[in-house]
Amino acid sequence: MIIAVDGPAAAGKGTVARALARHFGYHFLDTGSLYRMVAFALLRARQDASDVAAATAAARGLNPQGFRDEDLRTEEVAAAASVVAAIPSVRAALLDLQRAFVRKGPGAVLDGRDIGTVVCPEAEVKLFITASPEVRARRRQLELGSDSYDAVLAEIRARDERDRNRAAAPLVHAADAVVIDTSEMNIDEAVAAAIAAVGR
Ligand code: CDP
């Protein structure tokens with residue numbers, strides 16, 4: 001059983017996907033963290049996120065155990081992640097890691113941008129979790145403890161734009177995905193809507 005959870009930045013898909021995995025007793029993979037790791041590795045080595053050769057080498061040699069979560073969760077790393085994520089050879093390298101993960105029984109929940117369209121088009125359940133940019137910026141501002149709502153909103157809009165308009169695996173909802181708009185929902189309501197959509 002595979003549950004694909006996609007959506008734009010800070011829509012609540014990570015929270016929903018984790019809760020679904022807990023609820024059904026499935027494995028969970030935050031695929032965005034893989035792109036964040038590649039981005040962080042480049043920033044740490046003072047390399048440019050748009051350097052195709054460096055980004056591809058970092059993705060191919062990625063050891064997901066070698067990172068601390070707090071280093072990955074910044075908006076600087078998120079912005080660089082969306083730059084490396086537009087590079088097809090980076091996506092290809094990370095695809096192998098993700099496909100190996102979904103083979104784990106009894107089931108897996110993956111969250112990202114292209115899970116229902118590219119990584120697991122065969123997923124039994126596909127959810128697309130979204131919310132207005134303003135709501136998403138407010139949530140991310142709270143999560144980061146950031147002072148500037150305007151800066152977070154601008155960053156989220158820029159990242160959405162890059163993720164939606166890239167040629168390789170753009171952010172788009174699969175034709176067979178259930179769309180859940182969490183703009184007017186709290187976490188419990190969003191999780192309940194997702195569990196209901198899984199329908200089992
Ligand atoms: O948590 P948030 O939604 O802000 O971001 P994330 O899921 O950690 O993803 C960071 C960036 O990685 C995104 O903006 C995408 O550019 C990229 N990404 C992707 O291209 N494909 C995925 N399956 C997951 C993330």
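Side notes on the structure shown:
- Extension gain, Glu134 back to Asp96 (0.36 nm per residue minus Cα-Cα distance, nm): 10.2 nm
- Solvent accessible area, Å² - Asp71, 1.4 Å probe, full protein context: 40 Å²
- Euclidean distance between Cα centres, segment 42-105 to segment 142-183, Å: 18 Å
- Summed side-chain charge close to Ala79 - residues other than Ala79 whose Cβ falls under 10 Å, Lys, Arg +1, Asp, Glu -1: -1
- The simple Förster model, with R0 at 45 Å and r as the Cβ-Cβ distance, assigns Ile187 and Arg60 a FRET efficiency of 0.80.
- Rel. contact order, % - alpha carbon contacts under 8 angstrom, at least six apart, the chain: 34 percent
- Computed from the C-beta positions of Val52 and Thr74 and an R0 of 35 Å, the FRET efficiency is 0.90 to the nearest 0.05.
- Mean accessible surface per residue for the chain, computed with a 1.4 Å probe while every protein chain stays in place, in Å²: 47 Å²
- For Val52, the solvent-accessible surface computed with a 1.4 Å probe is close to 80 Å², ligands and nucleic acids excluded.
- Surface share of carbon and sulfur [accessible, 1.4 angstrom probe, percent] for the chain: 53 percent
- Computed from phi, the 3J(HN,Hα) profile of segment 29-40 under the Karplus parametrisation 6.51, -1.76, 1.60 (θ = phi - 60°) reads 10, 8, 5, x, 5, 5, 5, 5, 4, 4, 5, 5 Hz, with x in place of Gly and Pro.
- Annotation note: trypsin sites (Lys or Arg not before Pro) in segment 81-186 located in DSSP loop regions with a Cβ neighbour count of at most 15 within 10 Å are Arg103, Lys104.
- Global form of segment 139-200, assessed from the alpha-carbon gyration tensor, a/c cut-off 1.5: oblate
- Equivalent ellipsoid dimensions for the chain as semi-axes, Å, which come from the Cα gyration tensor, largest first: 25, 21, 15
- When +1 charges are put on Lys and Arg Cβ atoms and -1 charges on Asp and Glu Cβ atoms, the dipole computed for the chain relative to its Cα centre reaches about 580 debye.
- Solvent-accessible area of Val172, all protein chains in place: 70 Å² (probe radius 1.4 Å, heavy atoms, ligands and nucleic acids excluded).
The values are calculated or read from the model by the stated rules, or taken from the named source; none is laboratory data. Here the structure is a predicted model, which means the values were calculated and not measured. Don't worry about glycine lacking a Cβ; one is built from the backbone with ideal geometry, like all the others, and counts go over all protein chains shown. Each accessible area value is taken on the protein alone, full model and side chains, heavy atoms only, with ligands, DNA and RNA left out. Shrake-Rupley method; radii C 1.70, N 1.55, O 1.52, S 1.80 Å.
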